[in-house]
Amino acid sequence: MFCGLNFDAEFCEDFYEEFENMAVWLLDEETREDDLYDESKEEVLQQLIAYSNIIPNIDSIYQASQPDILCYYFYFEKNELYTSYPLSSDCDGELIYFAENASEEEVEEDFTTYLDDEGEYYTVYKIKFESFFWIC
């Protein structure tokens, strides 16, 4: 599993084939792997451990579902942990670009939930802003 903050579009170009079957996780614009050992992030660490243990099962389902499935998202609403499998779908879908370049221009004018608690626009990808999230 890779923290989405640790790589960029160049990572996708250079290492795509080697890591295409890895998973991605994002929590916020600051939390990286080393930060997960802080006591306040214990729940997130446990969720990521559990998720990493089921990646072989997710891959089996993913492979059996081809070509109909592009990827699998898991979103833990309580702490806003986002995971995605496989990494190749995030590279193909330019998630990495969006995560690095989220801006006011890309936000719908009346969709204020793109704002954080301080009224600033999020600078990291949040699945809850995707239209498919609201359809469920």
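Read-outs: derived from the displayed coordinates by stated rules, not from any lab. Because the structure is a prediction, the values reported are computed rather than measured. When we count neighbours, we look across all protein chains shown, and the Cβ atoms used for this are built from the backbone with ideal geometry, even at glycine.
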- If you rank S89, S52, S84 by fewest surrounding Cβ atoms within 10 Å, what's the result? S52, S89, S84
- Message: How would L70, L26 line up from fewest to most surrounding beta-carbon atoms within 10 angstrom?
- Response: L70, L26
